[in-house]
Amino acid sequence: MSMDQVLRTIRSFDGVLELAPGEGSAFPELAWGDHFFYYAPDGEVPTREQPYATIVTKNYPKDVLSRLDEPDRWRLNIRAGTKKFVELLGEDPRSPVRTWDLAATDVVLPHPVHRAQGWVSIVVPGAVTHELAVRLLRDAHEAARRRASRRAR
């Protein structure tokens, strides 16, 4: 599963808003080349909502265990929620962290920084995780849509 395939999938969701900071944008240089996805049918970044999925292409400070600075590596991050996190990884996201190889590819892993919030990650998704990644992305998008609907009421 290439990054382009993931991007095409997410961009096909109704009401998606993608932030893709680049050179010369108002965003910090560190974010250039990465992608942040929101449910925002009005085209405005929600003020009280974090993205439901991200694609990162490099290490961030305090987030180096996925080794994203190595060639051809990137990471898909998805807000799965506590229930799905437990189902996928067999542990509560707030439990003491067990040892994971957070650089492993094509495997669902706890997010290196945001696991306690129920985020999962896949470094270089491939054949093993393709269908699951698409399902998790759709579920995360739908959950964001439901949250937006509740806030609008």
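The values are calculated or read from the model by the stated rules, or taken from the named source; none is laboratory data. The model shown is predicted, which means the values in this text are computed figures rather than measured ones. Glycine gets a Cβ as well: all are built from the backbone with ideal geometry, and neighbour counts include every protein chain shown.
Below, the figures for the structure above:
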{"quantity": "Flag if V113 is of a type in the set (A, V, I, L, M) and either touching a Pro at 6+ places or on another chain (Cβ under 7 Å) or over 20 Å from R11 (Cα atoms) (or both)", "calculated": "yes"}
{"quantity": "Residue check for V6: out of contact with any strand residue (DSSP E or B) (no Cβ under 8 Å at 6 or more places or on another chain), among the hydrophobic types (A, V, I, L, M, F, W, C) and part of a helix (DSSP H, G or I)", "calculated": "no"}
{"quantity": "Test: residue in the stretch 73-88 that is surrounded by fewer than 19 Cβ atoms within 10 Å (Cβ to Cβ) and within 19 Å of G33 (Cβ to Cβ)", "calculated": "yes"}
{"quantity": "Residue in the stretch 22-37 that is part of a loop (DSSP other than H, G, I, E, B), hydroxyl-bearing (S, T, Y) and at pLDDT 95 or above present", "calculated": "no"}
{"quantity": "Any chance A103 is within 12 Å of the chain's Cα centre (by Cα) and aliphatic (A, V, I, L, M)", "calculated": "no"}
{"quantity": "Some residue of the stretch 91-99 being at negative phi, part of a loop (DSSP other than H, G, I, E, B) and under 14 Å from the mean Cα position of the chain (by Cα)", "calculated": "no"}
{"quantity": "Residue match in the stretch 133-145 (condition: assigned to a loop (DSSP other than H, G, I, E, B) and over 21 Å from R48 (Cβ atoms))", "calculated": "no"}
{"quantity": "Residues located in the stretch 38-60, provided they are surrounded by 15 or more Cβ atoms within 10 Å (Cβ to Cβ), in contact (Cβ under 8 Å) with a residue 60 or more places away in the chain and in a loop (DSSP other than H, G, I, E, B)", "calculated": "A40, P46, Y52"}
